[in-house]
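Down below is the structure, laid out as structure tokens.
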Amino acid sequence: MAGLPRFSASLTSAAVAPVEGFTPPTPRIAAIRAKLLSTPYSICLERPKLMEEFWSSREGRRSAKLEHPLVHRALTLQYIFSHRKPRIYDDEIIIGNMTSKRIAANYYIEGGSINILEDFARLGKRTIPLKLTIQETAGVLHLGLKNAFKSVGAKALLKPGRLSYFLDFFRAKRHFVTEEAGIGHQVGNYWMVVHEGLRGPYGEAKQRLEEGRLADGSRLDADQRAFFSSVLITIDGIRKMAENLAAEAEHLAQMKGESEQRRAELLAAAAACRRVPFEPARTYLEGLQATWLIHMALNLEDFEQGLSFGRMDQILLPLYRSDVELGRLNTGQATEMTACFCLKTCETMPLYSQRVDQFFSGNGVAQAFTLGGTDEKGNDLTNELSGLILDAYAQVLTREPAVHVRIHPATPEWFFQKSVELLQMGTSRPSFFGDTAVVRALQEAGMTREHARDYAVIGCVEMASQGRTYNSSDAALFNLPLCLELALNEGRRFHGKARIEGRRRFGAPTPPVSTMKTFDDVLDAFRAQVRHGVDDMVKVIGWLEEVYRTIRPTPVNSILTEGCLETGKDVTWGGGLYDYTSIQAAGLADAGDSLYALKRIIFDQKRFSLDEFVGILQDNFRGREDLRVELASKLPRYGNGDPDVDHMTQLAADAFSDALSAHKNSRGGRYVPGFYSMTCHIGFGRVTGALPNGRPAGRRLSNGLAPVDGCDRMGPTAVLRSAASLDSRKWMNCHALNLKFDRQIVQGKTGRKALVSLLKNYFALGGMQVQVNILDTETLKAAKRDPASYPGIVVRVAGYCAYFNDLQPAVQDEIIERTAHGIT
Amino acid sequence: MVSPEPLVFSLQHFCLHDGPGIRSLVFFKGCPLRCPWCQNVESWKAGSEIAFKPALCINCGTCVRKCPEHALAEVGTRDTTRCRGCFTCIDSCPSGAMTLFGVQRSPEDVVEELRPEFSLFTTSGGGVTFTGGEPTLYPDFSARLARSLRTEGIHIAMETCGFFDLKRLRPLLRELRLVLFDIKIYDREQHRQMCGADNTVIKKNLKALVEAGSGQGAPAVWPRLPLVPGLTDGQDNIKGWAGFLRSLGISFLTIVPYHPMGASKRRWLGLPAGPELRVPTDAEIQTAGGLFSAEGIMTYKPGEEPFPEDSIGPAQGLPRDLPGAAHDRRVEHRGLPTDGHGPTGLNTPR
Ligand code: SF4
Ligand code: SF4
């Protein structure tokens, strides 16, 4: 579309006018995108190789022996940062390679990645193939085996008395502790990075070391001294990484045959990397480049999940406006730069074996932008850059990055419209967050109102006050309905795979059902099982977090988190201003519906004795299909605006929230709950027995905050009403509510208007989060049959977007089958 | 003979194509016409009907065992001469395969089910649409229901086949803001053969409504044509209707493409299969649109109509002298216009 600029360059956000339609990608964006979409996935072994190289060097051996673990870790990271090979790809104007391949997963020997060895013999033949040379495949095997005992999980759990917890990683049932793989998940202080540069924390750390005291005057102890040293060492490493990139760009600019324009672009990128992230950024381009370099460092430091950019429409706004005012940037250029930045996020992916993939299908890592929202006083901050970033994403429409928008009563109409218009393009972006509910939950979790209002989304749906929070979110996922199964069977599963396992009690020894006389007895047993499961999980997480502090501290993360430089502590040591560990529960609606069914059938209608009914469940409704179908189709369900069932869902949620909030994490922070499940509801479902709501054994559980599939009988308005009616104050880690619409229903102006109204109404009712998938089932079926012809279809799986083709067949089926709202 | 208290066979929410904004639809049972392309054949008979949905049936045999009249010789085949409508089979069927179309509901009951949607009607400029079947078969009930809704500030529209007794409809029409008026076959004889009734009265009613529509307190009228290849898309038919609409001063029309979504319903009800019909292609829809526009009639897709200003927006509440909480709600719902006059001066007490 001609007629740029589309946004007023004026300095008041009020002057921004809504504009219909998005511009098509520029040739540059189209070219980079096409390249990325046709690049096979791989595994990058550069990081582990450099690590080993350092550890076996004289310096590495010395530091391992003599230095504080924080310093040793920082030296290791510095070595990686400064020795990795810079790679700059065609057409890029934001530079900095995530790995040594165009698209690859990093192999993190400290944890997590080792699960890929389960697929060792068939890397190229997996549902999602990984392309490696024979030497590389051998390298993976070698690395994996050699370092198997160096991972956080192994160090924490391969100990007497903990072995069975280690094995739990391979037989996840009640919970899946993801923290074994890494903590990641952060929205760092990018305001500082962009506007002050690392010079700030560098100077601060130096001063602390010189004075031997904290800013408050207290003397540094050995740990604190090591921390401040780790800051200096790490920043030096990041500078070197930036300089290497600059040198490479300069080198490429010298190459014969480069066009004048390309030469200028490369030199501009080089100049930016010579300056940022150490010095403050002066231009929009430098702001993006600084952010990207820090993002790379975070990826190389811990692991890739959930590393997010925060409120970029606020952070970059001053630079954008001054560039525009000085006439050195127009909206078209800024959009293209931002789109280039977005495409950089496509270079990374997680490393999951097929087994693990059923829990986290989709290859998403959720590098998130948060747009819109308010200042600390509650005034709207939505501005022209909020719209421009939507424009930029509309040019790429890729799985990464994630785009989240904050909605509050004063969200401008144009921004709402534009967000929904982007949604209509079918990538399920953006997802929507209700400021009122989110801020309330964050305050409830101990944040000041001002800090809560400066929240940004981590990854899919998790929460941080940006640059002030160590959330270690997604530390584990919890199977809520299984606790009901255990409650009905004295802490045993109905049917284990093996007889022995079936008899093994792995829940709490709650009373036999024959002694349960009232519904409250059942509820008590359920709560006891939830507590028991949570206790167990928290124990494991505590062990992991201990190990983290010594072998995997995260100085980059600490530099970006307020509180660490003030206290002289790494985030893994509890340095963050706000510290949480957050856990997600899967299967909430199944749990709620099942409680309701028990109460109604057994205790109100007295159709069976509890004993008898549990016998039927243990037999997985064998011979009682009529009863199963009746329970599934005739009883009221959560998601239809029925206060009685919705109340049971609340009880199930409270059981989890209460059990969790009784614990403190190993850093003294709080445990906080969230309700979403990635694709864990599928993996957990496989190991969960029959449920009182008529769900047969093995079937996937309900997803996040959504109703059980197909049980939203009254349409999307009732789903949103039910969801909004739940008390979300304790849900610091938010939830994922997936709504699916057939494309036909919500296309065009009519659909847009309807969606805007629907969402507005939901947030007016107190809704916290919602994400919308716009799909047509025909397309998806075709894509499943013939993946090659449909490379770019993005769907939202739980909290994040994924390429449809990357999903496991079972997940694909779910997407296809699930109610497409509006079809009668 | 139609019972004075109608049966409602469905309430549907989040509908975007039956009037402005987000709407809930109230489906009335009973229809005077029998159009072969009908997608809601369960609406035809005014009385309640027992249906069987084979796809849901798990073959448990409960219905057969429990029928006191032994009217079910086997699953899914009901001897209608024996059945006395006790609904035991429906209550005892675990899967919902045996199901009932049409239950009696009071206006209050319907209003309560719709109430949670009210705020959404307000934000989206939507409301409630009466449809069916034929809401006009129950002028008293429809008027009462419409009145209770309007008291709450809810915008009400009605879809009709136009086959009604206008005299009995006045109280209902006063409550409506918009009538979506279905026109089908222009030729009188063909209409009679195809849809089972003469269309003279339909044309007369359309004319009368349009003429009344320009006055105060009467709903706007918006015609719609179901586009069924081979049946309603012929040149003559289109020209006939276009000329008629023009003579009434109407220059717009919604084309509703035929869709076979309700095809299985005939089986559920044990009706013989309908004629083989086909979804119109995009080209056919465009051709029809072209023919209309050549005659000066603009055509629209369902849900995309630019309804006239005075037919949209929240309903005007009842005049002040009426009792109840109506007054407060009315103010709340009316919301936006603050100049003291509605967009069209419609807030003068009717
Ligand atoms: S309605 Fe009653 S009589 Fe008729 S088939 Fe069903 S059970 Fe038998
Ligand atoms: S009771 Fe229902 S499910 Fe069972 S056989 Fe009859 S119709 Fe089928």
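Look at A:Ala659 and say whether it is more than 14 Å from chain B (Cβ to nearest Cβ), crowded, with 19+ Cβ neighbours inside 10 Å and part of a helix (DSSP H, G or I). Let's see the steps before the verdict.
On the way: more than 14 Å from chain B (Cβ to nearest Cβ): yes; crowded, with 19+ Cβ neighbours inside 10 Å: yes; part of a helix (DSSP H, G or I): yes.
Answer is yes for this residue.
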- Number of positions in the stretch A:696-723 that are among the aliphatic types (A, V, I, L, M) and either part of a loop (DSSP other than H, G, I, E, B) or touching a strand residue (DSSP E or B) at 6+ places or on another chain (Cβ under 6 Å) (or both): 6
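Test of understanding: among B:Glu117, B:Glu74, which residue is surrounded by fewer than 17 Cβ atoms within 10 Å (Cβ to Cβ) and either more than 13 Å from ligand 1 (Cβ to nearest atom) or farther than 24 Å from A:Gly710 by Cα (or both)? Reasoning before the result, please.
Values: B:Glu117 fails: surrounded by fewer than 17 Cβ atoms within 10 Å (Cβ to Cβ).
Selected residue: B:Glu74, the only one of B:Glu117, B:Glu74 that is surrounded by fewer than 17 Cβ atoms within 10 Å (Cβ to Cβ) and either more than 13 Å from ligand 1 (Cβ to nearest atom) or farther than 24 Å from A:Gly710 by Cα (or both).
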- Task: Search the stretch B:27-53 for residues being under 30 Å from A:Leu631 (Cβ atoms) and away from chain A (no Cβ under 14 Å), and hand back the single one that is nearest to ligand 2 (Cβ to nearest atom).
- Result: B:Phe52
- helices (runs of 4 or more DSSP H) completely within the stretch A:385-476 that count 3 or more residues being in contact with a Pro (Cβ under 9 Å, 6 or more places away or on another chain) and under 23 Å from A:Thr335 (Cβ atoms): A:413-422
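Those residues that are within 11 Å of chain A (Cβ to nearest Cβ) and in contact with a Pro (Cβ under 8 Å, 6 or more places away or on another chain), I need them from the stretch B:122-138; list them, please. Step through it out loud before you land on a result.
The initial filter retains those residues of the stretch B:122-138 that are within 11 Å of chain A (Cβ to nearest Cβ), namely B:122-126.
Residues satisfying the conditions are B:Thr122, B:Gly125, B:Gly126.
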- Query: Checking B:Cys89 against (1) part of a loop (DSSP other than H, G, I, E, B); (2) within 14 Å of ligand 1 (Cβ to nearest atom), which test does it fail?
  - Reply: (1)
- away from every other protein chain (no Cβ under 14 Å), of a type in the set (Phe, Trp, Tyr) and crowded, with 20+ Cβ neighbours inside 10 Å: does that describe B:Phe141? yes
- Message: Going residue by residue through the stretch A:745-757, is there one that turns out to be of a type outside the set (Ser, Thr, Tyr) and more than 14 Å from chain B (Cβ to nearest Cβ)?
- Response: no
- Can you work out which of the residues in the stretch B:66-77 that are more than 10 Å from ligand 2 (Cβ to nearest atom) and assigned to a strand (DSSP E or B) is nearest to the chain's Cα centre (by Cα)? B:Thr77
- What pairs come up if the first residue lies in the stretch B:74-90 and is away from chain A (no Cβ under 14 Å), the second is more than 8 Å from ligand 1 (Cβ to nearest atom) and part of a loop (DSSP other than H, G, I, E, B), and their beta carbons are under 7 Å apart, counting only those six or more places apart or on different chains? B:Gly76/B:Pro54; B:Gly76/B:Cys57
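Condition check ((1) of a type in the set (A, V, I, L, M, F, W, C); (2) touching a Ser or Thr at 6+ places or on another chain (Cβ under 9 Å); (3) modelled with pLDDT of 95 or more) across all residues:
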position: B:Asp282; (1), (2), (3): no, no, no
position: B:Phe292; (1), (2), (3): yes, yes, yes
position: B:Met298; (1), (2), (3): yes, yes, yes
position: B:Lys301; (1), (2), (3): no, yes, no
position: B:Pro306; (1), (2), (3): no, no, no
position: B:Asp310; (1), (2), (3): no, yes, no
position: B:Glu332; (1), (2), (3): no, yes, no
position: B:Leu336; (1), (2), (3): yes, no, no
position: B:Thr344; (1), (2), (3): no, no, no
- Message: Being surrounded by 18 or more Cβ atoms within 10 Å (Cβ to Cβ), more than 16 Å from ligand 1 (Cβ to nearest atom) and closer than 27 Å to A:Ala718 by Cβ: is that true of B:Ile58 here?
- Response: no
- Options A:Ser63, A:Ser56, A:Ser100: the member that is free of Cβ contacts under 8 Å to residues at least 24 places away in the same chain, within 26 Å of A:Leu145 (Cβ to Cβ) and surrounded by fewer than 20 Cβ atoms within 10 Å (Cβ to Cβ): A:Ser56
- Task: Take B:Cys63 and decide whether it is part of a helix (DSSP H, G or I) and either touching a helix residue (DSSP H, G or I) at 6+ places or on another chain (Cβ under 7 Å) or away from ligand 1 (no atom under 11 Å from the Cβ) (or both).
- Result: yes
- Message: So for the stretch A:670-685 (the condition being closer than 30 Å to B:Leu11 by Cα and either within 14 Å of chain B (Cβ to nearest Cβ) or crowded, with 24+ Cβ neighbours inside 10 Å (or both)), does at least one residue qualify?
- Response: no
- Note on the structure: When restricted to B:Pro20, B:Pro94, the only residue assigned to a loop (DSSP other than H, G, I, E, B), within 14 Å of chain A (Cβ to nearest Cβ), surrounded by 19 or more Cβ atoms within 10 Å (Cβ to Cβ) and within 15 Å of ligand 2 (Cβ to nearest atom) is B:Pro94
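Hey, can you tell me all the residues within the stretch A:592-614 that are out of contact with any helix residue (DSSP H, G or I) (no Cβ under 8 Å at 6 or more places or on another chain) and either surrounded by fewer than 14 Cβ atoms within 10 Å (Cβ to Cβ) or aromatic (Phe, Trp, Tyr) (or both)? Write out each step before concluding.
Here is the first cut: in the stretch A:592-614, the ones out of contact with any helix residue (DSSP H, G or I) (no Cβ under 8 Å at 6 or more places or on another chain) are A:600, A:604-606, A:612.
Scanning the stretch A:592-614 gives A:Asp604, A:Gln605, A:Lys606, A:Glu612.
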- Does B:Asp109 qualify as being under 30 Å from A:Arg721 (Cα atoms), within 14 Å of ligand 2 (Cβ to nearest atom), out of contact with any strand residue (DSSP E or B) (no Cβ under 6 Å at 6 or more places or on another chain) and assigned to a helix (DSSP H, G or I)? no
- Query: Hey, among the residues in the stretch A:542-571 that are in contact with an Asp or Glu (Cβ under 9 Å, 6 or more places away or on another chain), in a helix (DSSP H, G or I) and modelled with pLDDT under 95, which one's farthest from A:Phe227 (Cα to Cα)?
  - Reply: A:Leu544
- Message: I need every pair where a residue in the stretch B:50-69 that is at negative phi has its Cβ under 8 Å from the Cβ of a residue that is among the aromatic types (Phe, Trp, Tyr) and near ligand 1 (Cβ under 10 Å from one of its atoms), sequence separation at least 6 or different chains.
- Response: B:Ile50/B:Phe87
- Item | Given (1) among the small types (Gly, Ala, Ser); (2) within 14 Å of chain B (Cβ to nearest Cβ); (3) within 35 Å of the chain's Cα centre (by Cα), number of the condition A:Gly623 does not satisfy | (3)
- Just wondering, is there one or more residues in the stretch B:98-105 that are more than 30 Å from A:Gly766 (Cα to Cα), within 13 Å of ligand 1 (Cβ to nearest atom) and assigned to a helix (DSSP H, G or I)? no
- Item | Filter pass, B:Thr254 being of a type in the set (Ser, Thr, Tyr) and outside any loop (DSSP other than H, G, I, E, B) | yes
- Message: Can you find, within the stretch A:620-630, the residue that is nearest to ligand 1 (Cβ to nearest atom) among those that are touching a residue at least 12 places away in the same chain (Cβ under 8 Å) and of a type outside the set (A, V, I, L, M, F, W, C)?
- Response: A:Glu630
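The values are calculated or read from the model by the stated rules, or taken from the named source; none is laboratory data. No experiment lies behind these values; they were computed from the predicted model shown. Reconstructed Cβ throughout: ideal geometry from the backbone, glycine too, with neighbour counts over all protein chains shown.
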